[in-house]
2 protein chains.
Amino acid sequence: MPRDGGAGAPGVDPQQLWLTPVQPRRGRRPAYSREAITAAAVTLADTEGLEAVTMRKVAARVGAGVMSLYSYAPDKETLLNLMVDHVSGELPTANTLTGDWRADLKVIAHLQRALMLRHPWLPAALSTRRVPGPNTLAFLEHALAALRPTGLDGTAKLEIFAQLTAFVAGHVAHEIAQAAASQAPDRAAVEARYLAAVAADGRHPELAEVLSAPGRPLTPEATFTRFLNRLIDGLDTG
Amino acid sequence: MPRDGGAGAPGVDPQQLWLTPVQPRRGRRPAYSREAITAAAVTLADTEGLEAVTMRKVAARVGAGVMSLYSYAPDKETLLNLMVDHVSGELPTANTLTGDWRADLKVIAHLQRALMLRHPWLPAALSTRRVPGPNTLAFLEHALAALRPTGLDGTAKLEIFAQLTAFVAGHVAHEIAQAAASQAPDRAAVEARYLAAVAADGRHPELAEVLSAPGRPLTPEATFTRFLNRLIDGLDTG
DNA sequence: CTACATTTCCGTACGATGTACGAGAATAGA
DNA sequence: TCTATTCTCGTACATCGTACGGAAATGTAG
């Protein structure tokens, strides 16, 4: 194996993956790079979905043999972690904090949502990731700085960040699923008919009423903002 | 195929799966049942994890040939949906509503959390499920009844329930991951060392402080309750 | 009872996947 | 030039979901 090591899931030391600088150059020179491989995997996931990210397809896109990938990542799980950290690099961490931690946190959540909408596979991939990479850690650092005015202890800050991320991921996953349903009208119609049939059986009066009085459909953006504000405004520093 | 039809993911009509009563008995009598197969898959997931749920292992546990399963569920995705709805049957929906919708919602969330702790694969499986089965719908009906005093419109109620479920799933997934980390002290130690190394590089002062002042560790239960209360108390009926 | 239609059971087989293995090629230092 | 090191990647294998189709069991029609 070249100068990486491995990381993420199984029995691999994260230090060896994320913070090995550059090892002494010996032997054959690498023909590809972890960066290029990760980027190829990301574009593959962006365009064809996460399930299209197979070692063979990634290798084909890079122009490498399948097994060559294993010189840059010890297994697929690690490659997924690399992908997550790769796109996390798109998150800006410039010092734009206002000192109003609630407002700052809302901006952070909106940044996360935008990232996840740009990479719809991200919510699903997040649930498996183990060890945060440098980009993820940079953003975490940013979020912790935003939370500084709360005066909360470390554990509490970390928990808030984890919950916020999980909330955003959950919401975006839901958003994406609904958007996909709109794009497949047949399936949506079938589901609607099914729910209508259930509601018509008389044993689901609340469901029946809900379906008959849906209310005005809001934009996903508005719904997100509303829930986000509720969640964050509900936080206190006690 | 026997008297099911299919459901859930791809191009299968949910009506045909969930609400077909019993078809006229003709031909060979089924040797197994959808119930038994689903139950076997659930215990398999409970004991060995979701990734251990393969058609072959489920069939072996039932005592059937592998392909016999396809007489009861058209594909694995459907079997996963059946599993989800199966365990959702453990959720009580007896009329225990108090009329205080916030309190009722909190009880509902605690029920969901308990269910997910009993079936740790549930949060992961939920992210893929498409069409709710009868047990899921019964619980949804229960939740909608709890939300009745809010006077919100249908869409809003459904969104609150979806968000609540996503929140619980996210939290429990995090809980489970942390519990697993505690059970593998080697890996946890490696991760801790990695984070310490990152914190020591001088470019992550907030992380360094957080790691040095972690605060008192709360029970997962307490953390869950705290976040839940914040979320629900933050909801309003405007 | 005999045919036949229907439904279930399941052995075999196929394509796809992740990845272990190891032979060969390229490079750096001796 | 020799040797140690590192990367490349073809082959091979276990495992997965599941398509196919014949055998077996059951109901109905004659």
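The values are calculated or read from the model by the stated rules, or taken from the named source; none is laboratory data. Predicted model only: the values in this text are computed from it and were never measured. Cβ sites come from the backbone with ideal geometry, for glycine too, and all protein chains shown count toward neighbours. To get the accessible areas, we keep the full protein, side chains included, count just its heavy atoms, and leave off ligands, DNA and RNA. Shrake-Rupley method; radii C 1.70, N 1.55, O 1.52, S 1.80 Å.
Applying the selection to segment A:228-238, what residues are in contact (Cβ under 8 Å) with a residue 40 or more places away in the chain and not in a helix (DSSP H, G or I)?
Here is the first cut: in segment A:228-238, the residues in contact (Cβ under 8 Å) with a residue 40 or more places away in the chain are A:228-229, A:231-233, A:235, A:237.
Those that are in contact (Cβ under 8 Å) with a residue 40 or more places away in the chain and not in a helix (DSSP H, G or I): A:Leu235, A:Thr237.
Restricting to segment B:63-83, give me the number of residues that are open to solvent by less than 20 Å² (accessible area, probe 1.4 Å), among the aliphatic types (A, V, I, L, M) and either closer than 28 Å to B:Ala173 by Cα or in contact (Cβ under 8 Å) with a residue 60 or more places away in the chain (or both).
Matching residues across segment B:63-83 total 4.
Considering segment A:90-116 alone, what residues qualify as being surrounded by fewer than 15 Cβ atoms within 10 Å (Cβ to Cβ) and either hydroxyl-bearing (Ser, Thr, Tyr) or farther than 15 Å from A:Ala145 by Cβ (or both)?
A:Glu90, A:Thr96, A:Thr98, A:Ala114
Can you report the number of residues in segment A:25-65 which are more than 16 Å from the chain's Cα centre (by Cα), hydrophobic (A, V, I, L, M, F, W, C) and near DNA strand C (Cβ under 9 Å from one of its atoms)?
5
Identify all residues within segment A:191-200 that are surrounded by 15 or more Cβ atoms within 10 Å (Cβ to Cβ) and within 30 Å of the chain's Cα centre (by Cα); write none if there are none. Before the answer, list the steps.
Narrowing segment A:191-200 to residues surrounded by 15 or more Cβ atoms within 10 Å (Cβ to Cβ): A:191, A:194-195, A:198-199.
Answer for segment A:191-200, where residues must be surrounded by 15 or more Cβ atoms within 10 Å (Cβ to Cβ) and within 30 Å of the chain's Cα centre (by Cα): just A:Glu191.
Would you check if there is a residue in segment B:142-151 being polar (S, T, N, Q) and assigned by TED's automatic domain parsing to the domain that holds B:Trp18?
Here is the first cut: in segment B:142-151, the residues polar (S, T, N, Q) are B:150.
From what's left, assigned by TED's automatic domain parsing to the domain that holds B:Trp18: none.
Looking for residues that are polar (S, T, N, Q) and assigned by TED's automatic domain parsing to the domain that holds B:Trp18, one finds none in segment B:142-151, hence no.
Take B:Leu17 and decide whether it is modelled with pLDDT under 95 and within 16 Å of DNA strand C (Cβ to nearest atom). Steps first, answer last, please.
Values: modelled with pLDDT under 95: yes; within 16 Å of DNA strand C (Cβ to nearest atom): yes.
Yes.
Please note which helices (runs of 4 or more DSSP H) are completely contained in segment A:123-227 and include at least 2 residues that are touching a residue at least 24 places away in the same chain (Cβ under 8 Å) and more than 7 Å from every other protein chain (Cβ to nearest Cβ). Lay out the reasoning, then the answer.
On the way: elements: A:134-147, A:154-183, A:185-199, A:205-212.
Here the list reads A:134-147, A:154-183.
Looking at segment A:48-62 only, could you name the residues that are within 9 Å of DNA strand D (Cβ to nearest atom) and touching a residue at least 12 places away in the same chain (Cβ under 8 Å)?
A:Val62
For B:Ala64, indicate whether it is part of a helix (DSSP H, G or I) and at pLDDT 95 or above.
Values: part of a helix (DSSP H, G or I): no; at pLDDT 95 or above: yes.
No, not satisfied.
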